[in-house]
1. Find the residue count for region 398-439, including only residues that are under 30 Å from ALA210 (Cβ atoms), within 12 Å of the ligand (Cβ to nearest atom) and in contact with a Lys or Arg (Cβ under 7 Å, 6 or more places away or on another chain).
2. I'd like to check something: does region 419-429 contain any residue that is of a type in the set (Gly, Ala, Ser) and over 23 Å from the mean Cα position of the chain (by Cα)?
3. Would you be able to say whether some residue in region 465-484 is touching a strand residue (DSSP E or B) at 6+ places or on another chain (Cβ under 8 Å) and more than 13 Å from the ligand (Cβ to nearest atom)?
4. State whether the residues of region 5-24 include one that is touching a Pro at 6+ places or on another chain (Cβ under 7 Å), closer than 29 Å to GLY435 by Cα and modelled with pLDDT of 95 or more.
5. Pick out the one residue from GLY455, GLY466 that is under 24 Å from THR176 (Cβ atoms), of a type outside the set (Val, Ile, Thr), assigned by TED's automatic domain parsing to the domain that holds THR297 and touching a residue at least 24 places away in the same chain (Cβ under 8 Å).
6. With (1) buried (at least 20 other Cβ atoms within 10 Å of the Cβ); (2) within 22 Å of the chain's Cα centre (by Cα); (3) outside any helix (DSSP H, G or I) as the list, and ALA174 as the residue in question, which single condition is left unmet?
7. Please report, ordered by residue number, the helices (runs of 4 or more DSSP H) entirely within region 34-148 with at least 3 residues that are within 15 Å of the ligand (Cβ to nearest atom).
8. Among residues belonging to region 45-76 that are in contact with a strand residue (DSSP E or B) (Cβ under 8 Å, 6 or more places away or on another chain) and surrounded by fewer than 18 Cβ atoms within 10 Å (Cβ to Cβ), point out the one that is nearest to VAL381 (Cα to Cα).
Amino acid sequence: MARIAVIGAGMGAMAAAARLAVAGHRVAVYERTDTYGGALRRLERDGFSFDTGPGLLPLPAVYRDLFVKTGREPLEECVGLAQVDPSSHHVFADGTRVSLPNASRAGVVSALEETLGPAAARRWGDFLVRAREAWDRSRRPLLEEPLWPNWQILAEREPYPAVPHKKLLRTRVAGTLAEVGAWELRDPRLIALLESHALAYGLDPREAPASAAVLPYMEHAFGTWYVRGGLRELARAVYERCLARRVEFHFGAGVAGIVEKDGRAAGVELADGAVAEADFVVAGVAPGVLDRLGRGTPVRGAGEVPAQRSAASRVTVLLALRGGRPEGTPHRTVVHTEDRETELESLFGQPAGLPARPTVTVLRPDDPALVPDAGHEAVTVTTVVPEGGGGAPDALAEKLVTVAERAIPGLRDRLLWHEVRTPADIAAETGAGGGAVPAPALAAAGGRLLHPSNGTRLAGLFTVGGWSHPGGGLPHAGMSGALVAGLIVEGPEFRGSQ
Ligand SMILES: Cc1cc2nc3c(=O)[nH]c(=O)nc-3n(C[C@H](O)[C@H](O)[C@H](O)COP(=O)(O)OP(=O)(O)OC[C@H]3O[C@@H](n4cnc5c(N)ncnc54)[C@H](O)[C@@H]3O)c2cc1C
């Protein structure tokens, strides 16, 4: 039995902790705030309840696996998991609206055929087939296996199939997601649909590789899921599973440094100076925090995938509305920007900021647990902003509410109160500078969108969560927990468990 110190109680760290405890190790989690879940927080006020982090769960198989491997009750017995159908409703710049059914390629193609016409629908259907190929080629190395030592292959090889496009005398193939949209989808609404998947993770579609096609594919193939009571319930369930496996939690216990002895990690030093000795240390924190904890000893070597330093953040406006949620309201509506160029220039240009009319996601869950009674509705409106920024909270709220009115007519008349969550709030909850939110690992792009491996240069020190392989997002962070547990239990030969 080894002693394992886990830094942070985010989802990746807790997933690792539960698995390591089941493998017979003594696991202690040190969390600097007073609660578990990292980004998965909840705001409660006047009988309303809101998720302030992610509001939907992609790829629930990752958490199903965690629950199967760590105890008797499956995930479905620990949380109320519900498919979101339609998966999303879209309001495009020209006013066209379409609802896309959950996890059905045929259903999506037929919904697009009705609104955008048969040619556009066929192009999207064909695109999904190619996206599936990219997923099949990259799923194992980019989700299910530890980062390959020869990760350069992933950095160089584009898994999205090449479709030759003739222009004058030249033949080109799409290298970026924007080029996939422009050359293979062509309809501005399909382009907006495609690019919104990259944007939702804070990625610039003009620079994201074509392999980012796996993001819409994942949603179409595995569906979009909601956890009753809000996504914070998933964090609660994972926390309780850890407790059931005798993982010890220390809250209000910020780690100030990683203790090193004879060239290996030997424990953690807490902010109050106390030292907790351990045989392994698992750090579920952002790269800037890890650097500080390393106290000048670099934990990554030359020739490794560097930590992702720049990432986008989010602004979320929580809206308490009078009047019940109308029957048949889509759970998720994406209101697309009316000016793509300005949006991308504002978000990813210099100086970066939030455009006047950003693409926003409006979540309106059909969940009585979130409201004081049936005569009220709890709505969250989210958009991507540059890390650390976006503007003053009131100005941000005004922009988001103005856009959200396209999804919720009469919104302002129904508004009881609102709260704004900025990148500073995210930074306070996760410790990531500027409130940066990591994106999932993607192939190609010269490795720019890969994340550092879970093993480090310091023997006995592993990294977990959204800032390490295989990157950000709930399923990816959950997988990082499985990978770290595998690497500690089985050693460096571990090649993935799925
Ligand atoms: C607003 C928002 C929206 C999001 N939307 C989505 C989405 O739609 N889909 C999706 O899949 N993902 C989304 N994400 C990302 C997702 O929530 C994370 O990638 C996922 O929760 C994984 O988190 P993590 O394991 O990296 O831990 P984090 O959530 O980053 O938590 C890190 C933990 O470490 C603790 N910590 C930091 N420093 C120390 C220290 N020195 N000592 C002790 N503890 C420390 C922090 O307090 C925190 O609890 C969103 C995130 C945010 C903030």
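1. Residues flagged as under 30 Å from ALA210 (Cβ atoms), within 12 Å of the ligand (Cβ to nearest atom) and in contact with a Lys or Arg (Cβ under 7 Å, 6 or more places away or on another chain) within region 398-439 amount to 2.
2. Among the residues of region 419-429, not one is of a type in the set (Gly, Ala, Ser) and over 23 Å from the mean Cα position of the chain (by Cα), which makes the answer no.
3. No; the residues of region 465-484 include none that is touching a strand residue (DSSP E or B) at 6+ places or on another chain (Cβ under 8 Å) and more than 13 Å from the ligand (Cβ to nearest atom).
4. Within region 5-24, not a single residue is touching a Pro at 6+ places or on another chain (Cβ under 7 Å), closer than 29 Å to GLY435 by Cα and modelled with pLDDT of 95 or more.
5. Every option except GLY466 fails the conditions.
6. (2)
7. 61-70
8. If we filter region 45-76 for residues that are in contact with a strand residue (DSSP E or B) (Cβ under 8 Å, 6 or more places away or on another chain), which is where we start, we get 45-52, 55-58, 60, 63, 75.
Checking which are surrounded by fewer than 18 Cβ atoms within 10 Å (Cβ to Cβ) leaves us with 45-47.
Details: ARG45: 17, ASP46: 19, GLY47: 19 Å.
Among those residues, the one meeting the criterion is ARG45.
The values are calculated or read from the model by the stated rules, or taken from the named source; none is laboratory data. Quick caveat, the model's predicted, so the values are computed rather than measured. All Cβ positions, glycine included, derive from the backbone under ideal geometry; neighbour counts span all protein chains shown.
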